[in-house]
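The values are calculated or read from the model by the stated rules, or taken from the named source; none is laboratory data. Bear in mind that the values here come from a model prediction, so they are computed numbers and not experimental data. Neighbour counts are summed over all protein chains in view; Cβ atoms, including those assigned to glycine, are modelled from backbone coordinates with ideal geometry. With ligands, DNA and RNA removed, areas are computed over all heavy atoms of the protein, side chains included. Shrake-Rupley method; radii C 1.70, N 1.55, O 1.52, S 1.80 Å.
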Amino acid sequence: MQFGMEGQELNNSINSYEKEHSYTISLDLPEKILAVLGMLFFSGVFGKIAPNAVQSLVRYIVWLIPTALLCLRWKNTLLVMAKDKLIWLLVGLLFISFLWSDFAQYTFADNREVLQMTTFGLYLATRFTLKEQVQLVAWGLGIGSILSVIVAFAMPSVGIHGADHPGAWRGVYGYKNNMGSMMVLNAITFFLLPVKQQFYRYAGLGLAIALILLSTSKTSLTITFVLFIVLFLYGKFRWEGKVTVLLLDLGILLGGCISTLIFSYWVEILAGLGRDPTLTGRTPMWGVALVKLMDRPLFGYGRTAFWAPGSKYAREAGEAVARGFIPPHAHNGFIDLALDVGLIGFTLFIIIFLRTYFRSLKVAYATQNIENLWPLACLMFLFLNNITESYLLYKSNIYWVLFISVVLTI
């Protein structure tokens with residue numbers, strides 16, 4: 001029963017922390033509004049519907065105000081930061097990676113995004129309980145889903161793809177796969193939303209799934225299917241006390257990865273029988289990127305440098321797919337992370353991820369509260385979603401924010 005007992009103890013510690021946390025710092029509407037505004041910004045809602053000046057204003061609001069609040073509550077901030085010291089080694093490595101970048105100024109300028117995302121994730125972990133984090137993510141993504149419907153009908157040239165992907169919805173997120181990815185997160189949070197009024201949960205869940213279908217993103221639909229099967233199993237069964245549970249869960253994670261690849265690209269795979277299926281050009285690009293990684297295996301090329309404008313490496317990777325094609329990223333978040341900070345940084349990430357994943361499992365098996373499944377669901381989503389897309393650290397995004405907040409909360 002060791003695994004189950006540890007899970008129960010960890011779950012109790014989270015509940016104890018939440019009680020103390022909510023008692024010592026009174027919940028306050030302006031900070032919740034700030035958190036939702038941050039969710040909207042980092043999920044990319046303002047990219048297509050707001051002028052650049054508004055985007056810049058929101059960027060600094062959700063960066064500077066949380067930074068000031070973290071400094072004012074410095075004791076609590078240091079306590080939360082101390083929960084996982086490896087994450088700060090990784091963040092530090094990302095930030096100083098301009099030192100060995102071929103495009104030092106470009107990397108240094110882009111590294112403000114690392115600070116913004118990390119600061120906001122730390123703010124969420126220090127200021128809000130796990131239950132409140134789920135609610136805030138649901139609010140932010142729920143507003144994004146409603147705005148996507150409005151934009152699709154009011155401004156179809158903005159909200160719906162044209163000749164590139166005829167009829168596919170992109171909402172306020174700029175691209176169909178981006179909207180699909182956000183709606184997967186939206187569906188998870190509404191499914192785990194701790195509310196008494198079940199209507200709100202199922203209305204948000206239904207809208208999210210509808211938008212996934214309208215986006216025509218096969219990867220998002222597959223990930224949604226896999227995640228809900230896993231959440232159902234965790235919610236209904238308790239395999240406490242069995243040593244084999246660790247192997248079983250790793251098997252589920254690996255099976256989810258394989259399922260994501262197969263079901264997302266079954267057309268390409270079937271068409272590729274008898275020859276090398278390329279997952280719409282990804283595998284040749286991955287091959288070039290991995291070969292180049294071996295030229296700088298320890299620290300990589302510096303954040304975003306491999307794919308920087310004018311990079312010879314990006315041109316070479318693109319030529320493996322089509323003449324004249326220059327990709328913006330590897331379409332794989334893990335390969336991009338390794339290119340950014342090498343095998344040292346990638347190893348740090350894997351250690352952090354696995355440690356947090358197993359902690360999340362303990363909570364999931366012992367919990368009586370549905371929202372305590374959120375860390376596990378979030379980590380599985382991040383893992384599956386970065387197999388064929390580069391969402392982990394690309395630009396300013398909600399994925400790194402949530403990763404930081406989950407690591408420091410759990």
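Pairs of Cα atoms under 8 Å, at least six residues apart: use those to get the relative contact order of the range 297-410, whole percent.
Values: 131 pairs, mean separation 31.6, N = 114.
28 percent.
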Response to the item:
Simple spin-label estimate for A82/Q55, 7 Å along Cα→Cβ, in nm, reads 4.1
Practice prompt. Note down the nm distance, to one decimal, between modelled labels 7 Å out along Cα→Cβ at M294 and at M155.
Written response: 4.8
Practice prompt. Note down the net charge around Y394, summing +1 for each Lys or Arg and -1 for each Asp or Glu among other residues with Cβ under 14 Å from its Cβ.
Written response: -3
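Using a probe radius of 1.4 Å on heavy atoms only, what accessible surface per residue do you get for the range 292-370? Whole Å² is fine. Provide the component values of the computation, followed by the final result.
Values: 3130 Å² over 79 residues.
Dividing the accessible area of the range 292-370 by its residue count gives 40 Å².
Applying a 10 Å radius around every beta-carbon, put 109-120, 176-187, 28-39 in order of their mean neighbour count, most first.
Values: 109-120: 19.7, 176-187: 26.7, 28-39: 17.2.
The packing order, highest mean first, is 176-187, 109-120, 28-39.
So between F228 and W74, what do we pick up on full extension, going 0.36 nm a residue minus the alpha carbon distance? List each step's numbers first, then the result.
On the way: separation 154, 0.36 × 154 = 55.44 nm, distance 3.84 nm.
Once the chain is fully extended between F228 and W74, it gains 51.6 nm.
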Response to the item:
Dividing the alpha-carbon radius of gyration of the range 114-162 by 2.2 N^0.38 Å, where N counts its residues, gives 1.58
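Mean separation of Cα pairs under 8 Å and 6+ residues apart, divided by the residue count of the range 160-204: what relative contact order is that in percent? Present the calculation step by step, with values, prior to reporting the outcome.
On the way: 31 pairs, mean separation 9.5, N = 45.
Relative contact order comes out at 21 percent.
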Worksheet item: For the peptides 51-62, 285-296, 379-390, what is the packing order when you average, over each peptide's residues, the other Cβ atoms within 10 Å and list the highest mean first?
Response: 379-390, 285-296, 51-62
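Which order do the peptides 152-159, 361-368 come out in when sorted by mean C-beta neighbours inside 10 angstrom, highest first?
361-368, 152-159
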